[in-house]
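See below for the structure under consideration.
The values are calculated or read from the model by the stated rules, or taken from the named source; none is laboratory data. Just so it is clear, the model here is predicted, and its values are computed rather than measured. Cβ: placed from backbone, ideal geometry, glycine included. Neighbour counts: every protein chain shown.
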Amino acid sequence: MQQSILALLPFIEKPKIAKERKMLTSRIIIDSDIQRLVRAIDNSTLPNHKKLNYKTFTLFLAYTGQRPETAARITVKQVRDALKQDPPVLTVKASQDKIRLEHYVPLHPVIIPFLQKIIEKRKDTETFFQHEYFSRWLKKNSISLSKTDDKILVKDMRKYFEQKSDEVGFTDANKNFIMSHGVSSINWQSYKQFLPENVYKRYMECWNLISRRN
């Protein structure tokens, strides 16, 4: 009997060790983090034009979920054209996007006054945001996160948009399209398409009550 059991041992599967479930990201970005960053910019010794640009960049990323590198390629003309539309929707070109997806970005009423101030004396061909300068400033002037033992980074504004969208119920395909995120399936490539006015409408249904003071 013992010999028979020994002969079967190579074929007996060992019990699998239960793997620890990987947690969701521990990097949580909340309203007060964005507010604190904006206040730090306002209270800094930066020249006024840089304060305006850095603050606008922060709010633009937080309210649109764009990748910082994508936003850094947006031109003054694109913003100018978007502000002339009804509703105001910016078109990000495929060449400006990481995954080469042309997509629409609704412009929230909160950020429009800031965008309008920047374009007043700027040329159409200029890039809108000062990404590299802002990144350097943020590294030198670190702002602590409320829920995570770390400092806020430029890329955290995209995380804020994702997490805030979950909170306000903006979790459908429109959100993924705006962010250019999770859109690589055959379903997207073969069937999905969006109109700017519909993207804006759905976005504002969820984000209309979000203000810089919340």
Considering residues of region 102-112 that are assigned to a loop (DSSP other than H, G, I, E, B), out of contact with any strand residue (DSSP E or B) (no Cβ under 7 Å at 6 or more places or on another chain) and among the hydrophobic types (A, V, I, L, M, F, W, C) only, the residue surrounded by the fewest Cβ atoms within 10 Å (Cβ to Cβ) = V110
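Conditions tested, residue by residue: (1) under 15 Å from the mean Cα position of the chain (by Cα); (2) not aromatic (F, W, Y).
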| residue | (1), (2) |
| --- | --- |
| I30 | yes, yes |
| R36 | no, yes |
| Y63 | yes, no |
| A71 | yes, yes |
| D97 | yes, yes |
| E102 | no, yes |
| P109 | no, yes |
Over region 186-207, the set of residues over 15 Å from the mean Cα position of the chain (by Cα) and either among the basic types (K, R) or within 25 Å of P68 (Cβ to Cβ) (or both) is W188, K192, F194, P196, V199, Y200, K201, R202, M204, C206
For K151, are the conditions met, namely being of a type in the set (D, E, K, R) and in contact with a strand residue (DSSP E or B) (Cβ under 8 Å, 6 or more places away or on another chain)?
-> yes
Within region 195-214, identify whether any single residue is modelled with pLDDT under 95, surrounded by 12 or more Cβ atoms within 10 Å (Cβ to Cβ) and under 23 Å from Q96 (Cβ atoms), and answer yes or no.
-> no
L83 vs (1) more than 23 Å from I34 (Cβ to Cβ); (2) modelled with pLDDT of 95 or more; (3) more than 19 Å from the chain's Cα centre (by Cα): all pass except (1)
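Count, please, the residues in region 165-183 that happen to be closer than 19 Å to T91 by Cα, touching a Leu at 6+ places or on another chain (Cβ under 9 Å) and surrounded by fewer than 21 Cβ atoms within 10 Å (Cβ to Cβ).
1
State all residues of region 60-85 that are part of a loop (DSSP other than H, G, I, E, B), farther than 18 Å from K123 by Cα and touching a strand residue (DSSP E or B) at 6+ places or on another chain (Cβ under 8 Å); if no residue qualifies, say none. First the steps, then the outcome.
The first filter runs over region 60-85 and keeps only residues part of a loop (DSSP other than H, G, I, E, B), leaving 65-67, 72-74, 85.
Those left that are additionally farther than 18 Å from K123 by Cα: 65-67, 85.
Passing the criteria: only Q66.
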Name the pairs whose Cβ atoms lie under 8 Å apart, with the first residue in region 144-165 and farther than 18 Å from P106 by Cβ and in contact (Cβ under 8 Å) with a residue 40 or more places away in the chain, the second among the polar types (S, T, N, Q) and assigned to a loop (DSSP other than H, G, I, E, B), and 6 or more positions between them or separate chains?
-> T148/S26; I152/S142; K159/T25
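Within 27 Å of P87 (Cβ to Cβ) and either crowded, with 21+ Cβ neighbours inside 10 Å or among the small types (G, A, S) (or both), is that true of Y191? Full working, then the answer.
On the way: within 27 Å of P87 (Cβ to Cβ): yes; either crowded, with 21+ Cβ neighbours inside 10 Å or among the small types (G, A, S) (or both): no.
Against the criterion (within 27 Å of P87 (Cβ to Cβ) and either crowded, with 21+ Cβ neighbours inside 10 Å or among the small types (G, A, S) (or both)), Y191 does not qualify.
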In region 113-164, residue surrounded by the most Cβ atoms within 10 Å (Cβ to Cβ) [restricted to those that are over 22 Å from I210 (Cβ atoms) and small (G, A, S)] | S135
Filter result for P88 (closer than 23 Å to I30 by Cβ, surrounded by 14 or more Cβ atoms within 10 Å (Cβ to Cβ), touching a strand residue (DSSP E or B) at 6+ places or on another chain (Cβ under 8 Å) and touching a residue at least 40 places away in the same chain (Cβ under 8 Å)) = no
